[in-house]
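Engineer: Just dropping this structure here.
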Amino acid sequence: MSSSDGNLHVALLPSSGMGHLLPYLRLAASLIHHQWSLTLITTHPIVSSAESQLISTFLSAFPQITQKKFTPIPLDSVAANITDPFQLQLETIRQSAHLLSPLISSSSPPLSFIITDVTLMSSVISVTAKLCLPNYILFTSSARMLSLFSCFPSIPSSIPKESLPPILLDSNSSFTKNFSDDSGSLKHFNGVLINSFEELEKEPLEMLASGNLTKGLPPVFPLGPFLPLELERISLLAPLKWLENQEESSVVYVSFGSRTAISKEQIRELGNGLVLSGCKFLWVVKSKVVDKEEEEGLDEILGHQLMKKIENNGLVVKEWVDQWQILSQKAVGGFISHCGWNSVVEAAWHGIPVLGWPQQGDQMINAEVIEAGGWGLCMKSWGWGSNHLVKGVEIGDKIKELMGNQRMKMECARISEVAKQRSKAGEGCENMLKTLFQSLKKS
Ligand code: UDP
Ligand code: UDP
C-alpha cells in the first residue's frame, strides 16, 4: 500500500481466549507494517495467564501501539448461568459495551475505524454507529462457518445440520441468542476480515462473494494465512529437543488448543490409543479450561500404569507449547486436533494431515474443511466432546490410518506449498488490504 494510507488510526477489540487474541495480534503486526497507528483495547481482569503474558510481551515489542484498558461491570457466573470463564468474559464485555463509547471517542488522533471480534458484534455496533465510526469484524473462524453465520437461523445446503454444535440447535440458549443477534447485525458492518485463503476454502469464499447466501453481506477480506510473531516463541525447549531425535514423519502431535478441558477418563483412553497405535507421539494434556487452574500433575491425571506405558513411546507435557515450531519439525507427521480454526490454518501451512476430533462450537464445521480438502479426517462418529467416550482401540486404529495415508500427505503438501507462497509474496494480504482501504474511503 502507498504511504498515503499512513495516517490511519485503527482500534482493535478482541474478546477473550488465546484463539481470539493470537489472530488479532498477528493481524496487528501486518497493519503496523503499513504504518497505521494502532490502539489495542484490552479487557480486565484478563482470564488466562497465557493471554496476560502475550499482551505484555506484545506491547513491549511494539511500544508505538496504544493500550486502552477496558474494565467492564463484573457479571456473576451463577446469575448469568455461564460456567466457562472465557464465555463469561465475553458476555461481560457484551453487557458493558456502552462503556466503550467514551474510551473510543477519546482516542487521539481520532479513530479511522475499529476491528471488532465476531463474538461482540451486536453489542458493539450500536456504540460505533452512534459515533459514526466504521466497524470491521475479525471473524476468528472458517469461511465455511461464516457461511452458516451469515444466514443463521437458515442453514446453507452445504452444511449438514448435525455439524452444528448442539447448543446452537437449542433456540433458548443464550449462545444461540447471541449468535443470532450477531448474525443479524452483520449487514451494519463495513467488512469481514478472515484468516483464510482461496486454496484452503475456495467454495465457501466463492459462495460468500457471490452474494447468493445473504442479502447485504458486507465484503469479505480473506487475509490468511496469518503467521505467528517472533515474540510468540517461548522458552519450553524440551518438546523441540525431543522431536529433533525422532525419525521424519514418525510423530503424531496431539493438542486440543488453549481452552478445551478433556475428562480424565477420555484422557486415559486417548493415552491407551496413542500407545496402541505404535507411533511416537508428542501430547499436550489439558484437564482444565483455564491455565491458572491446572493443579494436578501428569501422574495424577494419567495414572501410574499409563505413565509407565508411555515412557518409551512419547513425550507428554502440560505446559503451553510453541505449536507453530512443533508443526514445523520434520519429525511431525500427523496432528490430532480439536480443529480450532487457528490450528487448522497452522496445520495447512505446515502440510500436516489432521485427525479432526471436534469438541464444541465451530470445530465440526472447521474439520469438514479439512475433510473436503482431502488432507485429513473428521471424526463425526466420535460425537461432541464430553457426551461420548471414545475407546483407546478405536483411537489407535484411526491414528494408524492417519499416519499411513499417502494421499492425504500429498494433498496436504500441495496446500502447504500454496500457503507458503502466499505468505512469502504477501500478495494476497497486500491486495486485500488495498481493497479494504478503498472500501473504507467509500464508507
Ligand atoms: N497454542 C499454542 N500452544 C498451546 C496451545 C495452543 O501455541 O499449548 C496456539 C495454537 O497454535 C493456536 C491457538 O493457540 O494458534 C489456539 O487456537 P485454536 O483456534 O486452534 O483453538 P482454541 O484454543 O481457540 O480452542
Ligand atoms: N459466536 C458468535 N457470537 C457469540 C459466540 C460465538 O457469533 O457470542 C460464533 C463465532 O463464529 C465463533 C463460533 O460461534 O467463532 C464458535 O464460538 P465458540 O465460543 O464456541 O468458540 P471460539 O470461537 O470462541 O473458540
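Engineer: Rg and Dmax of the range 235-419 over Cα atoms: what are they, in angstrom?
Structural biologist: 15.1, 45
Engineer: Moving to a separate point now. Using packing as a proxy for protection, rank 270-280, 46-56, 103-113 so that the peptide with the highest average count of other Cβ atoms within 10 Å comes first. Walk me through the intermediate numbers first.
Structural biologist: Values: 270-280: 21.0, 46-56: 18.2, 103-113: 14.9.
Result, highest mean first: 270-280, 46-56, 103-113.
Engineer: May I pose another question? Under a point spin-label approximation (7 Å from Cα along Cα-to-Cβ), what is the residue 235-residue 397 distance to one decimal in nm?
Structural biologist: Reported label-point gap for residue 235 and residue 397 is 4.6 nm.
Engineer: For the chain, modelled as a GNM with alpha-carbon contacts under 10 angstrom, which of 386, 255, 180 fluctuates the most?
Structural biologist: Looking only at 386, 255, 180, the largest GNM fluctuation is found for 386.
Engineer: Can I get the semi-axes of the range 50-151's equivalent ellipsoid? Compute them from the C-alpha gyration tensor as square roots of 5 times the eigenvalues, in angstrom, largest first.
Structural biologist: One finds semi-axes of 22, 19, 17 Å for the range 50-151.
Engineer: Which whole number of Å³ per residue matches the convex hull of the alpha-carbon atoms in the range 131-219?
Structural biologist: Values: hull volume 9.1 nm³, N = 89.
Roughly 102 Å³ of hull volume per residue.
Engineer: Could I ask something else about it? Relative contact order (percent) for the range 235-419, with alpha-carbon contacts under 8 angstrom and 6 or more residues of separation?
Structural biologist: Across the range 235-419, relative contact order equals 28 percent.
Engineer: Also: Give me the extension gain from residue 177 to residue 108: residue separation times 0.36 nm, minus the current Cα-Cα distance, reported in nm with one decimal.
Structural biologist: 21.3 nm
Engineer: While we're here: Sorted by average packing, counted as other Cβ atoms within 10 angstrom per residue and highest first, what order do 345-356, 73-84 take?
Structural biologist: Taking the mean over residues of other Cβ atoms within 10 Å, the ranking is 345-356, 73-84.
Engineer: Given R₀ = 60 Å, FRET efficiency for residue 288-residue 215 by Cβ-Cβ distance, to 0.05?
Structural biologist: 0.85
Engineer: Any idea how far the Cα center of the range 105-165 sits from the one of the range 44-85, in Å?
Structural biologist: For the range 105-165 versus the range 44-85, the Cα centre distance is 20 Å.
Engineer: At 10 °C and 1.306 mPa s, grab the translational diffusion coefficient of the range 99-179 from Stokes-Einstein with a Kirkwood Rh over Cα pairs, rounded to a whole number in µm² per second.
Structural biologist: 109 µm²/s
Engineer: Roughly speaking, what is the stretch gain from residue 206 to residue 53, that is 0.36 nm per residue apart minus the C-alpha to C-alpha distance, in nm to one decimal?
Structural biologist: Working: separation 153, 0.36 × 153 = 55.08 nm, distance 3.81 nm.
Contour length minus Cα-Cα distance gives 51.3 nm.
Engineer: Taking the chain as a Gaussian network, where each spring joins two C-alpha atoms under 10 Å apart, which residue of 312, 366, 405 fluctuates the most?
Structural biologist: It is 312.
Engineer: Run through all the Cα pairs of the chain and give the fraction in each 10 Å bin from 0, expressed as whole percent.
Structural biologist: P(r) for the chain, in whole percents per bin: 4, 21, 32, 27, 13, 3, 0.
Engineer: Report relative contact order for the range 1-92 in percent, whole number only (criteria: Cα-Cα under 8 Å, sequence separation at least 6). Each step should come with its number before you reach the end.
Structural biologist: Details: 104 pairs, mean separation 28.3, N = 92.
Relative contact order comes out at 31 percent.
Engineer: Seen from all sides and averaged, what is the projected area of the convex hull of the Cα atoms in the range 86-240, in nm²?
Structural biologist: Seen from a random direction, the Cα hull of the range 86-240 projects 12.2 nm² on average.
Engineer: Grab every C-alpha pair in the range 300-351, bin the distances at 10 angstrom width from 0 up to the longest one, and report whole percents.
Structural biologist: Histogramming the range 300-351 at 10 Å steps yields 19, 44, 29, 8 percent.
Read the figures in this text as sums done on the coordinates, not as results from a lab. Note that this is a predicted model, so its numbers are computed, not measured. Note that we place each Cβ from the backbone using ideal geometry, even for glycine, and neighbour counts take in every protein chain shown.
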